[in-house]
Amino acid sequence: MKRRHFLQLAGFSCLPLSPIKSAAGLLFPLGQNQANLSKVEARFYEKLPDREIKCNLCPRFCHLGDKERGYCGVRENDGGIYYSLVYGKVCALNVDPIEKKPFFHFLPGTQALSLATAGCNVNCKFCQNWQISQVRPEQVEAVDLSPQAVALAAENNSCPSVAYTYTEPVIFFEYMVDTSIAARKKGIRNVVVTGGHINPEPLEALIKVVDAIKVDLKSFSEAFYKDYVRGELKPVLEAIKLINQRKTWLEIVYLVIPTLNDQESMIRQMCRWLIKEVGEDVPLHFSRFHPMYLLKNLPPTPVSTLEKLHAVAREEGLRYVYIGNVPGHKAESTYCPFCGQLLIERIGYKVERFELRNGRCRFCQAVIPGIWV
Amino acid sequence: MAQSSKVVIVRAKGILSTTQIDLKRLQAMIIKGLTWLTAESKVERAVEKIFSPSDRVGIKINTIGGRLLSTSPELALSLSTVLAQGGLLERNMVVWDRTNRELRAAGYSLQTSRDKLKIFGTDAAGAGYETEPLSFRNIGSLYSTILTNFVTASISLAILKDHGLAGVTAGMKNYFGAIHNPNKYHDNHCDPFVAELCASPPIKDKHRLTVLDALVVQYHKGPAYHPQWAEPFEGLIFGLDPVATDTVGWSLIEKMRAAKGLPSLKEEGRPPFYLETAKSLGLGESDLSRLQIIEEQV
């Protein structure tokens, strides 16, 4: 995407919008641009003696000397003050169907102004957006967009929500929170697509200003998190519990990677945990893996595997289980768990049919959980 | 990487006592280091033993610490001068690091002329990173095209420093500046990441020489500059074995810490574990008692 497309999207031009590209289509060649870094003091860190700091934003708790950056690569200690280098530095901006995040029970059929800055606080070997998530902000081109400009762009593009997505929004926490506040002032909602590596205190602050959170639960095994995510499972589970306790709309995505996290026994264990801690109504999306980044030696997930795990989750008692990244599959659609009728028919990211009335099944009047239009 | 575990320390007492570093003396230090390292009497023969005349040589420096605590420009330029005296073509040499901004901040003047020594960062026009990540053991990174495309032989001209996470940053860790995502490799005291990075083909196949800038050594609270814990050592450390050279650098930091009454890095729980890992990967010798250490003065 060219700079002018960003500006058009942000509402700085009266020209019609160009066709929206995928996140991968937004990437710029590395190493060809001048640094465009912000210097906004970070939140949730401690000052230590000798110009050192400790970051308390995510479970890594990076302890950094002067001039060092955190694991995320986008927060830097300069003289004992910790700064966000990506506040307002948007490297990806799209108008996406909310189904692409995916959120299936949150304003279905609407568009979300979707944005990201560079950086991530984990390093998944299977990252689908690694060209922007696994780089430093100097290594991608970014456009300056203030929180107010994002809110205005959402309004101008008829987006009822802003989505913080593509990379890991936790690492641009300050920008996400301020933008969410600006968006809410215009009646626009905020949704977060995250891996859930965030500490409870900042998560509490985030929950106060956003409306829905989708957590990528990447496995139900600490070993997998250590080897393939470079993170930890436990804090992610704690984050899921907290989001649910605060009654923020929650959906879970599980990317199924052949041989690595597709064991039926582990999926059963995960489903039982979800039902116990979050409830049977939480939507669970099993997404199809495609070989990317550092995991190119594995094939795409067989659809039969996704169908098997879908059946396992339903058997365990989860009511809203979906299959993603398989356009046209019947498990992309929402069915009433009580009468079995098709309620929301989806093909790809498009909603073809909508049979809810005031949040209830049109056929049996059962309440279907979600945030509906 | 080279197999000899000989390490040469060359000191020049008083070299920092003048306002400007005496370049002739600095060059004499380098010549002495290279000739002792290769057991040759002439610099031409020494250079010939390490490089071939057609080599395009990358001198990877470390400029993250700004003007106060980076590989000094005087040293990098003196090294290129000595290599040219030894028969290499200046136009086939590049002094490089991550970014032009950091190079400038450390006192380097950028040079991109075709017929001269080049000085630029990976973010310079025409350079950049590879577009596909290379996956090697626990490393998954884009490598600088300066390393992968431009150079055929690499020198790690690193500044020797204490490092809060790694224990020591020296010649091996200097190659963190050759990849796009070094922030991903500081967990667990940078172990096994430093070793595995140096064992990855783009580096292992091209690394020929380590030179540690120990003119001033930050022996505590590195890698940032803290003048109260920075000591003039007025020395350079040379090695063909990258593990051996860094091991000697570590021992120097420990001596300085002991002299100041500070706990050792081992006592602080942060010795450079990656050196043992590097040894296990066959990159060199990390046992100080098995190294041949030569100390010289100019």
message: From the list A:100, A:125, exactly one residue is surrounded by fewer than 24 Cβ atoms within 10 Å (Cβ to Cβ) and either under 15 Å from the mean Cα position of the chain (by Cα) or modelled with pLDDT under 95 (or both). Which is it?
response: A:100
- prompt: Which of the residues spanning the stretch A:312-344 are charged (D, E, K, R) and either more than 23 Å from the chain's Cα centre (by Cα) or more than 27 Å from residue A:216 (Cβ to Cβ) (or both)?
  reply: A:314, A:315, A:316, A:330
- line: Going through the stretch B:96-107 in order, the residues found to be touching a strand residue (DSSP E or B) at 6+ places or on another chain (Cβ under 7 Å), of a type in the set (D, E, K, R) and either at the interface with chain A (Cβ under 9 Å from one of its Cβ atoms) or on the phi > 0 side of the Ramachandran plot (or both) are B:98
statement: Taking the stretch B:39-65 and keeping residues surrounded by fewer than 21 Cβ atoms within 10 Å (Cβ to Cβ) and of a type in the set (Ser, Thr, Tyr) leaves B:41, B:52, B:54
- prompt: Can you name every residue in the stretch A:60-89 that is within 12 Å of chain B (Cβ to nearest Cβ) and of a type in the set (A, V, I, L, M)?
  reply: A:64, A:74, A:85
- request: Output the strands (runs of 3 or more DSSP E) that fall wholly within the stretch B:199-298 and possess 1 or more residues being over 17 Å from the mean Cα position of the chain (by Cα), touching a residue at least 24 places away in the same chain (Cβ under 8 Å) and under 22 Å from residue B:26 (Cβ atoms), or say none.
  value: B:230-239, B:292-297
- request: Take residue A:308 and decide whether it is in contact (Cβ under 8 Å) with a residue 24 or more places away in the chain, assigned to a helix (DSSP H, G or I) and either within 28 Å of residue B:142 (Cα to Cα) or not aliphatic (A, V, I, L, M) (or both).
  value: yes
- request: Report, by residue number, each residue of the stretch A:275-295 that is more than 17 Å from residue A:133 (Cβ to Cβ) and in contact with a strand residue (DSSP E or B) (Cβ under 9 Å, 6 or more places away or on another chain).
  value: A:278, A:282, A:283, A:284, A:285, A:286, A:288
- request: Check B:224, B:244 and return the single one that is within 13 Å of another protein chain (Cβ to nearest Cβ) and buried (at least 24 other Cβ atoms within 10 Å of the Cβ).
  value: B:224
message: Just to be sure before I move on: is residue B:135 touching a His at 6+ places or on another chain (Cβ under 8 Å) and not β-branched (Val, Ile, Thr) in the structure I sent?
response: no
- line: Checked A:84, A:13, A:114, A:38 against criteria (more than 23 Å from residue B:70 (Cα to Cα) and at pLDDT below 95); the one match is A:13
- prompt: If you take the residues in the stretch B:162-196 that are under 17 Å from residue A:72 (Cβ atoms) and of a type in the set (D, E, K, R), which one is modelled with the lowest pLDDT?
  reply: B:187
task: Go through B:68, B:134, B:142 for me and flag whichever is buried (at least 24 other Cβ atoms within 10 Å of the Cβ) and over 27 Å from residue B:31 (Cβ atoms).
output: B:142
- line: When the stretch B:108-122 is checked residue by residue, the ones that are in a loop (DSSP other than H, G, I, E, B), surrounded by 15 or more Cβ atoms within 10 Å (Cβ to Cβ) and either more than 12 Å from chain A (Cβ to nearest Cβ) or at pLDDT below 95 (or both) are B:108, B:117
- prompt: Of the numbered conditions (1) within 13 Å of chain B (Cβ to nearest Cβ); (2) in a loop (DSSP other than H, G, I, E, B), residue A:128 satisfies every one except a single condition; which is it?
  reply: (1)
- line: Pairs returned, first residue in the stretch B:49-74 that is over 24 Å from residue B:101 (Cβ atoms), second residue that is modelled with pLDDT under 95, beta-carbon separation under 9 angstrom, 6 or more apart or interchain, are B:50/B:2
- line: Only one of A:309, A:274, A:284, A:250 is more than 21 Å from the chain's Cα centre (by Cα) and crowded, with 20+ Cβ neighbours inside 10 Å, namely A:309
field: Yes/no for residue A:343 being at pLDDT 95 or above and in a strand (DSSP E or B)
entry: yes
- prompt: Can you spot a residue in the stretch B:3-22 that is out of contact with any Gly (no Cβ under 7 Å at 6 or more places or on another chain) and part of a helix (DSSP H, G or I)?
  reply: no
task: Of the conditions (1) within 30 Å of residue B:23 (Cβ to Cβ); (2) within 14 Å of another protein chain (Cβ to nearest Cβ); (3) hydroxyl-bearing (Ser, Thr, Tyr); (4) more than 13 Å from the chain's Cα centre (by Cα), residue B:169 clears all except one; give me its number.
output: (4)
query: Is there a residue in the stretch A:278-298 that is more than 21 Å from residue A:108 (Cβ to Cβ) and part of a helix (DSSP H, G or I)?
result: no
Candidates B:87, B:65, filtered to the one that is in contact with an Asp or Glu (Cβ under 8 Å, 6 or more places away or on another chain), more than 24 Å from residue B:283 (Cβ to Cβ) and not in a helix (DSSP H, G or I): B:87
- line: Here the residues within the stretch A:48-92 that are over 25 Å from residue A:203 (Cβ atoms) and either of a type in the set (Lys, Arg) or in contact with a helix residue (DSSP H, G or I) (Cβ under 6 Å, 6 or more places away or on another chain) (or both) are A:51, A:67
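Per-residue answers, yes or no, for (1) closer than 12 Å to residue A:112 by Cα; (2) small (Gly, Ala, Ser); (3) touching a Lys or Arg at 6+ places or on another chain (Cβ under 9 Å):
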residue	(1), (2), (3)
A:134	no, no, yes
A:138	no, no, yes
A:141	no, no, yes
A:144	no, no, yes
A:147	no, no, no
A:150	yes, no, no
A:153	yes, yes, no
- prompt: Hey, residue B:93 hits all of (1) facing chain A (nearest Cβ under 10 Å); (2) over 22 Å from residue A:132 (Cβ atoms); (3) touching a Leu at 6+ places or on another chain (Cβ under 6 Å) but one; which does it fall short on?
  reply: (1)
message: For the stretch B:180-221: of the residues being small (Gly, Ala, Ser) and crowded, with 24+ Cβ neighbours inside 10 Å, which is nearest to the other protein chains (Cβ to nearest Cβ)?
response: B:195
field: Check on residue B:44, more than 17 Å from the chain's Cα centre (by Cα), in a loop (DSSP other than H, G, I, E, B), of a type in the set (Asp, Glu) and away from chain A (no Cβ under 14 Å)
entry: no
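The values are calculated or read from the model by the stated rules, or taken from the named source; none is laboratory data. Please read all numbers here as calculations on a predicted model, not as lab measurements. As a convention, Cβ positions derive from the backbone with ideal geometry for all residues, glycine included, and neighbour counts pool all protein chains shown.
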